[in-house]
1. Looking at the structure I just gave you, is residue 50 assigned to a loop (DSSP other than H, G, I, E, B), touching a helix residue (DSSP H, G or I) at 6+ places or on another chain (Cβ under 8 Å) and within 27 Å of residue 133 (Cβ to Cβ)?
2. Checking the condition in contact with a helix residue (DSSP H, G or I) (Cβ under 7 Å, 6 or more places away or on another chain), at pLDDT 95 or above and closer than 20 Å to residue 59 by Cα, which residue from 142, 181 passes?
3. Could you list, in sequence order, the residues of the range 67-85 that are more than 15 Å from the chain's Cα centre (by Cα) and part of a helix (DSSP H, G or I)?
4. List every residue pair whose Cβ atoms sit under 9 Å apart, with the two residues 6 or more apart in sequence or on different chains, where the first one lies in the range 175-197 and is at positive phi and part of a helix (DSSP H, G or I) and the second, anywhere, is modelled with pLDDT under 95 and surrounded by fewer than 16 Cβ atoms within 10 Å (Cβ to Cβ).
5. Kindly indicate whether residue 172 is touching a helix residue (DSSP H, G or I) at 6+ places or on another chain (Cβ under 9 Å) and surrounded by fewer than 20 Cβ atoms within 10 Å (Cβ to Cβ).
6. Do we find a residue being surrounded by fewer than 21 Cβ atoms within 10 Å (Cβ to Cβ), at pLDDT 95 or above, out of contact with any helix residue (DSSP H, G or I) (no Cβ under 6 Å at 6 or more places or on another chain) and within 25 Å of residue 184 (Cα to Cα) anywhere in the range 107-114?
7. Which of the residues belonging to the range 123-139 are touching a helix residue (DSSP H, G or I) at 6+ places or on another chain (Cβ under 7 Å) and closer than 12 Å to residue 181 by Cβ?
8. Taking the options 85, 20, name whichever one is at pLDDT 95 or above and under 24 Å from residue 172 (Cβ atoms).
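The values are calculated or read from the model by the stated rules, or taken from the named source; none is laboratory data. Quantities reported herein were computed from a predicted structural model and do not represent experimental measurements. Please note: Cβ atoms are built from the backbone with ideal geometry, for glycine as well, and neighbour counts cover all protein chains shown.
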């Protein structure tokens, strides 16, 4: 059985290999399935913002002015692309290598935590959510978007079959649903949308102040 560390290293190598082609591959998927999700979600960010699994920085152009942005990603190759995008756009961002399951920040460090289309590929999604919760200030905003388990039974069958290939190959899951963790932790769902046969879900949630 593969350990979490082994799966993490496999994931790191996978994303390093795909860093240069990621934007092109993701562009086709986004146009067909995700629509305006990045713009819709990131506009709610406020204050000090941590983007977990920032990838190549596809969200950078969608954040409002005045935020203080920090981004972490497992892959150095993806971060190299994000740095180039930040330089070209003039967006100030502090980028570093980081594991979503073990964030190197103190408790209650950020006003907003963002993660888009990435929890599907984290080995331990529960650990990643717990870490995002930990570094988010009481009353802070959690902004999540991902492809999730479908509301359509035939599509769920296809997703299960896809996972037979994508999980061993790239550690990518199609039947997760992070909003269940958000609800269980007592967050207040302020905005919540699910579309494309339930395949895409986006969430704006506020952490309890208590």
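1. Numbers: assigned to a loop (DSSP other than H, G, I, E, B): no; touching a helix residue (DSSP H, G or I) at 6+ places or on another chain (Cβ under 8 Å): yes; within 27 Å of residue 133 (Cβ to Cβ): yes.
In short, no.
2. Values: 181 fails: closer than 20 Å to residue 59 by Cα.
That would be 142, the only listed residue that is in contact with a helix residue (DSSP H, G or I) (Cβ under 7 Å, 6 or more places away or on another chain), at pLDDT 95 or above and closer than 20 Å to residue 59 by Cα.
3. 76, 77, 80, 81, 83, 84, 85
4. Close Cβ pairs satisfying both conditions: none exist.
5. Considered against the rule, which asks whether it is touching a helix residue (DSSP H, G or I) at 6+ places or on another chain (Cβ under 9 Å) and surrounded by fewer than 20 Cβ atoms within 10 Å (Cβ to Cβ), residue 172 comes out as yes.
6. Yes, there is a match, as at least one residue in the range 107-114 is surrounded by fewer than 21 Cβ atoms within 10 Å (Cβ to Cβ), at pLDDT 95 or above, out of contact with any helix residue (DSSP H, G or I) (no Cβ under 6 Å at 6 or more places or on another chain) and within 25 Å of residue 184 (Cα to Cα).
7. 124, 125, 126, 128, 129
8. That would be 85, the only listed residue that is at pLDDT 95 or above and under 24 Å from residue 172 (Cβ atoms).
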